[in-house]
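**Student:** Can you read through this structure? Questions will come right after.
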Amino acid sequence: MQSSNNIFLVKPASFGYNAETAASNAFQNQMSKDMDHEAISKKAIEEFETMAQKLSEKGVNVLVIEDTPTPVKPDAIFPNNWGSFHADGRVILYPMLAENRREERREEILEIIGKKFEIKEIIDLSKQEEKGVFLEGTGSIIFDHQFKIGYACLASRTDKNLFVNTCELLGYKAVYFDAKDQSGHEIYHTNVMMNIGNGYAVVCLESISNPSERAHVIKSLEDSNKEIVAISYEQMNAFCGNMLELEIPNGRNILAMSQSSFDKFNSAQKKTLESYCELFPLNVKTIERIGGGSVRCMISELFLPER
């Protein structure tokens with residue numbers, strides 16, 4: 001099952017510019033650190049609450065979990081980086097680069113999830129942080145659950161060996177590659193340049209400069225029956241790769257994306273994507289600009305068996 005109807009979101013208590021992540025995340029607004037923190041936090045909460053409400057009204061089962069005020073966690077709104085929740089009941093906890101993000105892995109969140117879903121095993125990879133080895137969840141890994149393939153662009157937040165080992169643990173094939181932005185800097189997370197849905201894949205192919213690696217990614221996607229929608233650097237920078245298809249029980253699946261990304265897709269790309277699911281734009285402009293992550297980063301899918 002590629003898409004889930006069950007997700008959880010974390011309502012932020014201290015959203016803001018995170019100086020610890022800025023060095024490896026070119027999507028963060030470098031000027032935002034001088035902006036009014038209280039105004040930024042208030043606007044982010046407004047965007048968060050509207051997004052949660054719209055997804056719920058559409059038929060997505062949304063579990064909202066409150067962030068704790070202390071310790072301050074400016075990126076708590078992006079829970080997909082610290083955990084993944086699988087259909088066989090396994091939960092994987094991941095090692096993260098920024099020290100102030102590690103507090104986001106809260107035991108009480110697992111307890112809340114465990115009341116509604118069955119957690120059979122917790123695989124804690126976070127100890128790898130002590131070795132300087134990182135793999136940031138479904139930010140680092142794009143899962144094709146149907147064909148059991150994991151895709152990752154290697155970077156400071158995505159270690160090759162740990163990625164391969166994690167895929168082996170899940171019984172998935174590992175496809176890895178290098179991806180750079182137009183300035184030649186590594187792309188910090190795979191999920192800003194790539195998205196996989198039911199029957200399609202959105203990917204910034206021009207960011208994969210190595211011809212053999214690019215050809216390998218294309219072949220893997222085509223062999224798994226994906227229609228490829230190639231996006232440009234400009235579209236990637238508008239978070240056109242940072243989307244997530246969600247299951248709607250009594251209707252067409254939706255492709256949750258930001259309004260910024262929706263506005264950057266051309267009509268032909270929209271038509272292709274609309275042949276698979278309903279495009280569902282959400283306004284998260286403050287969160288994107290300050291946090292350097294978009295709609296997909298805000299959503300953690302729950303594939304766990306329901307109780």
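The values are calculated or read from the model by the stated rules, or taken from the named source; none is laboratory data. This structure is a prediction, so every number in the text was calculated from the model and none was measured. So basically every Cβ, Gly included, is an ideal-geometry build from the backbone, and we count neighbours across all protein chains shown.
**Student:** Going through 212, 224 one at a time, which residue ends up being farther than 25 Å from residue 82 by Cβ and either touching an Asp or Glu at 6+ places or on another chain (Cβ under 8 Å) or hydrophobic (A, V, I, L, M, F, W, C) (or both)? Outline the logic, then answer.
**Tutor:** Numbers: 212 fails: either touching an Asp or Glu at 6+ places or on another chain (Cβ under 8 Å) or hydrophobic (A, V, I, L, M, F, W, C) (or both).
The unique qualifying residue is 224.
**Student:** Let me ask something additional. Kindly indicate whether residue 134 is aromatic (Phe, Trp, Tyr) and closer than 15 Å to residue 8 by Cα.
**Tutor:** Judged against the criteria, residue 134 is not a match.
**Student:** Go through the stretch 228-258 and give me each residue that's crowded, with 16+ Cβ neighbours inside 10 Å and among the charged types (D, E, K, R).
**Tutor:** 245, 247
**Student:** Related question: Scanning for something part of a helix (DSSP H, G or I) and under 21 Å from residue 3 (Cα atoms), does the stretch 222-236 turn up at least one residue? First the steps, then the outcome.
**Tutor:** Filtering the stretch 222-236 for residues part of a helix (DSSP H, G or I) gives 222-223, 233-236.
Applying the additional criterion that residues be under 21 Å from residue 3 (Cα atoms) yields 222-223.
Yes.
**Student:** Taking the stated definitions as given, is residue 136 of a type in the set (D, E, K, R), over 16 Å from the mean Cα position of the chain (by Cα), under 18 Å from residue 84 (Cβ atoms) and modelled with pLDDT of 95 or more?
**Tutor:** Answer is no for this residue.
**Student:** I'm checking my understanding of the structure. Among residues of the stretch 267-307 that are over 20 Å from residue 146 (Cα atoms) and part of a loop (DSSP other than H, G, I, E, B), which one is modelled with the lowest pLDDT?
**Tutor:** Ranking the qualifying residues of the stretch 267-307, first place goes to 292.
**Student:** Now, a different point. Which count do you get for residues in the stretch 132-146 that are within 15 Å of residue 174 (Cβ to Cβ) and of a type in the set (Asp, Glu)?
**Tutor:** Within the stretch 132-146, the first condition is being within 15 Å of residue 174 (Cβ to Cβ), and the residues that meet it are 135, 138, 140-145.
Filter once more, so that each one left must be of a type in the set (Asp, Glu): 144.
Summing the residues that are within 15 Å of residue 174 (Cβ to Cβ) and of a type in the set (Asp, Glu) in the stretch 132-146 gives 1.
**Student:** Among the candidates 224, 220, 209, 232, single out the residue that is in contact (Cβ under 8 Å) with a residue 12 or more places away in the chain and in contact with a helix residue (DSSP H, G or I) (Cβ under 8 Å, 6 or more places away or on another chain).
**Tutor:** Details: 224 fails: in contact with a helix residue (DSSP H, G or I) (Cβ under 8 Å, 6 or more places away or on another chain); 220 fails: in contact with a helix residue (DSSP H, G or I) (Cβ under 8 Å, 6 or more places away or on another chain); 209 fails: in contact with a helix residue (DSSP H, G or I) (Cβ under 8 Å, 6 or more places away or on another chain).
Just a single option satisfies the conditions, and that option is 232.
Here is a yes/no grid of residues against (1) more than 13 Å from the chain's Cα centre (by Cα); (2) modelled with pLDDT of 95 or more; (3) over 17 Å from residue 263 (Cα atoms):
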{"site": "201", "(1), (2), (3)": "yes, yes, yes"}
{"site": "225", "(1), (2), (3)": "yes, yes, yes"}
{"site": "232", "(1), (2), (3)": "yes, yes, no"}
{"site": "239", "(1), (2), (3)": "no, yes, no"}
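**Student:** I'm trying to understand the selection: among the residues of the stretch 161-191, which are among the polar types (S, T, N, Q) and at pLDDT 95 or above? Don't jump to the end; show me each part of the working.
**Tutor:** Let us first name the residues in the stretch 161-191 that are among the polar types (S, T, N, Q), namely 161, 165-166, 182-183, 190-191.
Result: 161, 165, 166, 190, 191.
**Student:** So the check is Cβ under 8 Å with 6+ separation or different chains; which pairs have a first residue in the stretch 40-58 that's in contact (Cβ under 8 Å) with a residue 12 or more places away in the chain and a second one that's of a type in the set (Lys, Arg) and in a helix (DSSP H, G or I)?
**Tutor:** Final answer for the pair search is 47/285.
**Student:** Does residue 245 satisfy the criteria of being touching a residue at least 12 places away in the same chain (Cβ under 8 Å), touching a strand residue (DSSP E or B) at 6+ places or on another chain (Cβ under 8 Å), within 18 Å of residue 190 (Cα to Cα) and of a type in the set (D, E, K, R)? Spell out how you get there, then give the answer.
**Tutor:** On the way: touching a residue at least 12 places away in the same chain (Cβ under 8 Å): yes; touching a strand residue (DSSP E or B) at 6+ places or on another chain (Cβ under 8 Å): yes; within 18 Å of residue 190 (Cα to Cα): yes; of a type in the set (D, E, K, R): yes.
So residue 245 fits the description; yes.
**Student:** Further question: Considering only residues that are buried (at least 18 other Cβ atoms within 10 Å of the Cβ) and farther than 28 Å from residue 76 by Cβ, which ones fall in the stretch 259-307?
**Tutor:** Passing the criteria: 265, 273, 277.
**Student:** Here is a check on your reading of the model: is residue 173 of a type in the set (Lys, Arg), touching a strand residue (DSSP E or B) at 6+ places or on another chain (Cβ under 6 Å) and in contact (Cβ under 8 Å) with a residue 12 or more places away in the chain?
**Tutor:** In short, yes.
**Student:** Separate question: Give the number of residues within the stretch 173-197 that are surrounded by 17 or more Cβ atoms within 10 Å (Cβ to Cβ) and either of a type in the set (Gly, Ala, Ser) or assigned to a loop (DSSP other than H, G, I, E, B) (or both).
**Tutor:** 8
**Student:** Could you check the stretch 73-109 and list, in sequence order, the residues that are buried (at least 20 other Cβ atoms within 10 Å of the Cβ) and either of a type in the set (Phe, Trp, Tyr) or assigned to a helix (DSSP H, G or I) (or both)?
**Tutor:** Hits for the stretch 73-109 are 78, 79, 80, 81, 82, 85, 94, 101, 104, 109.
**Student:** Would you mention how many residues in the stretch 36-65 are part of a strand (DSSP E or B) and either of a type in the set (Val, Ile, Thr) or in contact with a Gly (Cβ under 6 Å, 6 or more places away or on another chain) (or both)?
**Tutor:** Looking only at that region, the number is 3.
**Student:** Can you pull out every residue in the stretch 201-218 that is surrounded by 21 or more Cβ atoms within 10 Å (Cβ to Cβ) and either on the phi > 0 side of the Ramachandran plot or outside any helix (DSSP H, G or I) (or both)?
**Tutor:** Answer for the stretch 201-218, where residues must be surrounded by 21 or more Cβ atoms within 10 Å (Cβ to Cβ) and either on the phi > 0 side of the Ramachandran plot or outside any helix (DSSP H, G or I) (or both): 201, 202, 203, 204, 208.
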